[in-house]
């Protein structure tokens, strides 16, 4: 196989340009959104407060939203927040966003290294990293707060890379790092292990290792989802309860009704007509981002089974489309599979042509998803090439920061969703719209929220217990005067 080599200097320049462009783009999306108060109580505020509690040797009780204490682990069994909590002393409310950006760059580096093991063509790993970085699944995940499944997904290339190098201990470490981000990631690990067994079918040591990974994944899934989470008060699999009340019933329903299962994977299931075509839109975007080549790697298609199932079988239509963080796990798998197909082409002109076309298709698809998509997308948080991305239309950002500085660190605060992530590093923070009994030291809201009702009850019904200590006519900082 003829290779297309670059000088070391040109290779480094090209690689640095790709990573720098991606890093700057991610910061313009994620960090700018946070600075302009386009991040929210759910999910960044909740996770930041959970991280704060972990750093103070407590487990968050979800009091930000819930009237009764409930462990944060009951929502998602996420151990990354515990591991990352010390970083809050360095990066404050930006901590999780910075970690998420760094994780994606780390995942892209893993794809670069992995494809480099399969090809002596210097361009292929660079193209693979670029396709990954600019895919819609990555871009949309970064536009909406922080989620640990993003970090978990970035460990997939490194698990495959370590396995290819024969470093089983390191590969096992990355397997663990995959599953600890969210309770469903162990199911993905199981299918990854099964899929890789085909590629390593002639390597007995690797087969035993992958069998061990599969067994570990099953055990972890059962322990977390069937033993730990119910005891923590988890609400169960409510997004899939129309299929059954537990995992076994759901599996039975899907297996015994294959025609209905296939229909659900593509159809709008009892949602308004505006959600028609949302599932199809995702499939088309995924195909244009590399899944069409993944069809030539059936064992990698197997890895996508749990991702497609959890996405398309959900009763929640926000799962179905191209937006938010619900497509990120697909990206490392379909990009890796695509380039494993491309690098096998004998002629370098074929490799370059196909890789270039895939990169162009990926970029154009991403532009489509932040331009005129069928799915629900918050365009102001994505359109870095437009002025509206750098504006906050609801209130004065500079005044908001001045007001936040006036709130003592030890004070309890109830704030509207945009302000919560900036105030989450304290003992008590509540989301204004999710409470009907405001008794915190301070309340930070905008004018429309004075009349905000929840289930027919005025949230700030005890307005006479507070005095206004700062306002510009839009933002109001209230301090409690009645103990």
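Readers should treat all values here as calculations from the given coordinates under stated rules, not as data from a laboratory. Keep in mind it's a predicted model, so treat the numbers as computed, not measured. When we count neighbours, we look across all protein chains shown, and the Cβ atoms used for this are built from the backbone with ideal geometry, even at glycine.
Points worth noting:
- Annotation: the residues 34, 49, sorted from fewest to most other C-beta atoms within 10 Å of their own C-beta, follow the order 34, 49.
- Values of log10 I(q)/I(0), in the order q = 0.16, 0.26 Å⁻¹, for region 397-480 under a Debye, Cα-only, solvent-free model: -0.53, -1.49
- Segments 322-328, 359-365 sorted - mean Cβ within 10 Å per residue, highest first: 322-328, 359-365
- With both residues required to sit in the chain, DSSP beta bridges show an antiparallel share near 65%.
- Linear extension gain, residue 222 paired with residue 207, 0.36 nm per residue minus alpha-carbon span: 3.1 nm
- Rel. contact order, % - alpha carbon contacts under 8 angstrom, at least six apart, the chain: 20 percent
- The residues 357, 285, 27, 414, when put in order of fewest to most other Cβ atoms within 10 Å, stand as 357, 27, 285, 414.
- For the pair residue 260 and residue 32, the difference between a 0.36 nm per residue extended length and the Cα-Cα distance amounts to 77.7 nm.
- If a spin label sat at a point 7 angstrom from the Cα of residue 242 along the line to its beta carbon, the backbone N atoms of region 318-346 nearer than 14 Å would be those of 318-320.
- Extending 7 Å from Cα along the Cβ direction at residue 276 and again at residue 176 yields two label points whose distance is 5.1 nm.
- Proxy reagent accessibility, fewest Cβ within 10 Å first, across 59, 264: 59, 264
- Length-normalised contact order for region 397-480 - Cα pairs under 8 Å, 6+ apart - percent: 27 percent
- Relative to its Kirkwood radius, the Cα radius of gyration of the chain gives an Rg/Rh of 0.99.
- Linear extension gain, residue 20 paired with residue 426, 0.36 nm per residue minus alpha-carbon span: 142.7 nm
- Here the simple spin-label model places points 7 Å from the Cα toward Cβ, and for residue 316 and residue 397 these points are separated by 2.9 nm.
- Each stretch of four or more DSSP H residues adds -39500 (n - 2.57); spread over every residue of the chain, this sum gives -15000 deg cm²/dmol at 222 nm.
- Taken along the Cα-to-beta-carbon direction at a fixed 7 Å, the label points for residue 10 and residue 215 span 5.1 nm.
- Distance from the alpha carbon centroid of region 457-483 to that of region 258-316 works out to 47 angstrom.
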